[in-house]
Structures are given as C-alpha cells and as structure tokens.
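Okay, so here's the structure we're looking at.
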Amino acid sequence: MISLKKTVRWAPKAIIHHRIEPWKLRRTYFLQLHFRQGRMEGARKRGAASRIPPLYLIPQLARAHGRAFMQRFKQGAHHSLRQEMNAAYFVGYFWGWLRDPA
C-alpha cells in the first residue's frame, strides 16, 4: 500500500469480522498444524544427510515436552496450548528428520 502511495491508517479499536471454520478453532487443529510444520521443516533441513537426527534435537524435544507438561499440570489445559504446540512442532521435526524424504 505504501509503495503505491496510499495512505495507511492505524485503527487499534477496529473490529474485524471474518469467518473462521469451527474446526480451525479446536485444540487438535493447532497441535496438528505445528506437528506438520515441524515435520516439513525437519525433512527439508535434513536434505540428503543422515537420517540420524543431530544430538541437539533430543534436549530441545525433552525441554519442550517438559515445559508443556509442567504448564498443563500447574495451570491446566487452557493455559498450556502454546507450550504443547511447541512440543508438537519438535515431535514433527524429529519425525520428518527420521522418516520423510527430503
């Protein structure tokens, strides 16, 4: 817009109504989305290299799961989704590295 010499205005109190499919509002949607993203990135990052994942992935995977578990345990499922999405991403990354073609 700016490159077209159009005026851009910031309206912090603007309300935008758009339709989101109900299935995209479910917890499983976000977990699967992050798993798939991790899987795709793991396979791409590995390329033609060995299918044995690099050692740095193991502590990252463990930390992500530990944080998700602790947050869910302490605050409940409504507060742990972000951490669970991180854990799902690392599981997908690991899976993509091990199993998927580059």
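The values are calculated or read from the model by the stated rules, or taken from the named source; none is laboratory data. It should be emphasised that the depicted structure is a prediction, and the values quoted were computed from it without experimental measurement. As a convention, Cβ positions derive from the backbone with ideal geometry for all residues, glycine included, and neighbour counts pool all protein chains shown.
Listing for the model above:
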read-out: Scope segment 64-78; condition within 19 Å of Y89 (Cβ to Cβ), among the basic types (K, R) and more than 16 Å from the chain's Cα centre (by Cα); matching residues; value: R72
read-out: Lone unmet requirement of (1) of a type in the set (A, V, I, L, M); (2) farther than 25 Å from P101 by Cα; (3) surrounded by 10 or more Cβ atoms within 10 Å (Cβ to Cβ); (4) within 16 Å of the chain's Cα centre (by Cα) for L61; value: (2)
read-out: Subset of segment 26-49 that is at pLDDT below 90 and hydrophobic (A, V, I, L, M, F, W, C) - its residue that is surrounded by the most Cβ atoms within 10 Å (Cβ to Cβ); value: A49
